[in-house]
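Engineer: Got a structure for you, questions after.
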Amino acid sequence: MLVLGIETTCDETSCAVVQDGRKILSNVISSQIDLQKEFGGVVPELACRRHIEVIVPVLQEALKEAGCTLQDIDRIAVAKGPGLVGALLIGLHFAKTLAFSLDIPLVPINHIEAHLYAAVMSHETPTFPALGVVLSGGHTSLIGMDNIGAYTLLGETVDDAIGESFDKVAKMLSLPYPGGPYIEKMALTGNPERFSFKAGRVKANPLDFSFSGIKTSVLYTIRDLPKPLSEQDICDISASFQEAVFSDVIKKMHLVLKETPYPCIYLGGGVTHNKKLREHLAKSLNIPFYLPRNDLCLDNAAMIAGLGFHKAPHAGYDLDPETRIPFHRNKSTG
Ligand code: KG4
Ligand code: ZN
């Protein structure tokens, strides 16, 4: 089965063709980083305009790379959220129009679930149950995965998402957007022990995350240092911040595993691109953990098309964007 995936949740426009949920025939991503960098974050209106401009050429390139035409496509999978409402609308309308005119099924996909599926599809023989860990710009979640589509939310952030905290700290250090890769780079020559930052504890649920306090500690640290900050100060703050955030994620993963000994772990989302995180995981986990292929960590349509193979199509075309799609603390179908 050939699935065409469409992704426009935030500032990447992507189309992909995936065969039988695994074999990626094409995965074309048009990033808006050049456009949004100037503003230090995503300006929704600009994101929407860029999606409109590039979505047709991105589709054409994805079909060309896959060596097929629209007539070869069996179904269309589209990210229905969470994301920016205007950006989602463009992908959804585009997908609906294509599905209607080709008279093929339309499958709505939860972008967060797709980030986890990126790790599942990157490995030969997926196994369940598993612990799912989403570390992205908009989400930080620990999810019990009984199977594809059968999830239990175990913990999530009560304030900033992990990628968001990287982006905000980077901004305070006058590093470019998106901040994650720059913090990672500066941290390479930094001393992670110079500053003792700590992620917050959430009393109500020890598996929940809180990253807003650590952001404030970084702010106060910067305030109290002589200006302008030296290159070494920036490197040390980056390394200390990154260390604190990653040890918190790993500590919480161990808390889950103590309670429920999941046999393996799937991780997904932009922050999983980080090599220091990967080193920490390799050192501290003694069960298999699966990361997405490098090209599937950040937002992409291959993960949307791949998951679309497993999901039931939507009846009709009355699909609206969902800016928030909560996972549930009891078992849910995603
Ligand atoms: O998953 P993603 O592409 O978008 C969302 O669904 O949110 O993640 C984007 C986030 C950004 O916050 C970015 O700073 C972060 O992932 N990121 C990283 C790295 N590369 C991207 N964070 C830490 N280290 C990286 N190497
Ligand atoms: Zn994402």
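Engineer: Of all residues in the stretch 1-45, how many are hydroxyl-bearing (Ser, Thr, Tyr) and closer than 16 Å to residue 109 by Cβ?
Structural biologist: The qualifying residues number 4.
Engineer: Still on this model: Among residues belonging to the stretch 278-314 that are among the hydrophobic types (A, V, I, L, M, F, W, C) and more than 16 Å from ligand 2 (Cβ to nearest atom), point out the one that is surrounded by the most Cβ atoms within 10 Å (Cβ to Cβ).
Structural biologist: Once the filter is applied, the top-ranked residue is 309.
Engineer: Of all the residues that make up the stretch 307-332, how many are at pLDDT 95 or above and closer than 20 Å to residue 144 by Cα?
Structural biologist: Total meeting the criteria: 3.
Engineer: In addition: Within the stretch 157-185, take every residue that is closer than 27 Å to residue 329 by Cβ and hydroxyl-bearing (Ser, Thr, Tyr) and give me the one that is farthest from ligand 1 (Cβ to nearest atom).
Structural biologist: Filtering the stretch 157-185 for residues that are closer than 27 Å to residue 329 by Cβ and hydroxyl-bearing (Ser, Thr, Tyr), the one farthest from ligand 1 (Cβ to nearest atom) comes out as 157.
Engineer: Across the stretch 74-90, which residue is surrounded by the most Cβ atoms within 10 Å (Cβ to Cβ) among those that are within 19 Å of the chain's Cα centre (by Cα) and either of a type in the set (Asp, Glu) or under 22 Å from residue 149 (Cα atoms) (or both)?
Structural biologist: Across the stretch 74-90, the extreme among qualifying residues is 79.
Engineer: Which residues, taken from the stretch 159-201, are without any contact (Cβ under 8 Å) to a residue 24 or more places away in the chain and within 16 Å of ligand 2 (Cβ to nearest atom)?
Structural biologist: Selection gives 179 alone.
Engineer: Further, regarding this structure: Scan the stretch 134-146 and give yes if some residue there is among the acidic types (Asp, Glu), out of contact with any Gly (no Cβ under 9 Å at 6 or more places or on another chain), closer than 24 Å to residue 290 by Cα and free of Cβ contacts under 8 Å to residues at least 12 places away in the same chain, otherwise no.
Structural biologist: The answer is no, given that none of the residues of the stretch 134-146 is among the acidic types (Asp, Glu), out of contact with any Gly (no Cβ under 9 Å at 6 or more places or on another chain), closer than 24 Å to residue 290 by Cα and free of Cβ contacts under 8 Å to residues at least 12 places away in the same chain.
Engineer: Can you tell me which condition residue 106 does not meet? The list is (1) more than 22 Å from the chain's Cα centre (by Cα); (2) at pLDDT 95 or above; (3) surrounded by fewer than 21 Cβ atoms within 10 Å (Cβ to Cβ), and all the others hold.
Structural biologist: If we test residue 106 against (1) more than 22 Å from the chain's Cα centre (by Cα); (2) at pLDDT 95 or above; (3) surrounded by fewer than 21 Cβ atoms within 10 Å (Cβ to Cβ), just (3) comes out false.
The values are calculated or read from the model by the stated rules, or taken from the named source; none is laboratory data. Model, not experiment: these values are computed from the prediction. Here the Cβ is made from the backbone with ideal geometry for all residues, glycine too, and neighbour counts use every protein chain on show.
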